[in-house]
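Trainee: Next up is a structure, given as structure tokens.
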Amino acid sequence: MKNYCVAICQLSDQPPEDFDVNTELLILEGKELHVATWDAEPRDGGFDVLVLNDRVSALGFMVVTDWEFLEGRAYAVVERRAGG
């Protein structure tokens, strides 16, 4: 049985002078939270799907569904890569 998780990507609401990244990716796997942050361009709220897929992969997951965009956030169903 596969364990699917939800990935959520959003722009950080931290003030830029206090926070050196503007994008955060969260994956909740059971009771474990996986987080990736980076400084994305442009800073206008847009998300690059290829970058999102790369960041998910770097955390040891793969995207199962297409990314959906709602209210300034990106959502996708992901699953842990075999051997991860």
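Trainee: Consider the range 22-50. How many of its residues are assigned to a strand (DSSP E or B), modelled with pLDDT under 90 and open to solvent by 100 Å² or more (accessible area, probe 1.4 Å)?
Mentor: Count: 0.
Trainee: For residues in the range 51-84 being more than 13 Å from residue 8 (Cα to Cα), modelled with pLDDT of 85 or more and among the small types (Gly, Ala, Ser), which is least open to solvent (accessible area, probe 1.4 Å)?
Mentor: Within the range 51-84, the match that is least open to solvent (accessible area, probe 1.4 Å) is 60.
The values are calculated or read from the model by the stated rules, or taken from the named source; none is laboratory data. All values derive from a computational prediction rather than experimental measurement. What goes into the accessible areas is simple: the full protein's heavy atoms, side chains included, and nothing from ligands, DNA or RNA. Shrake-Rupley method; radii C 1.70, N 1.55, O 1.52, S 1.80 Å.
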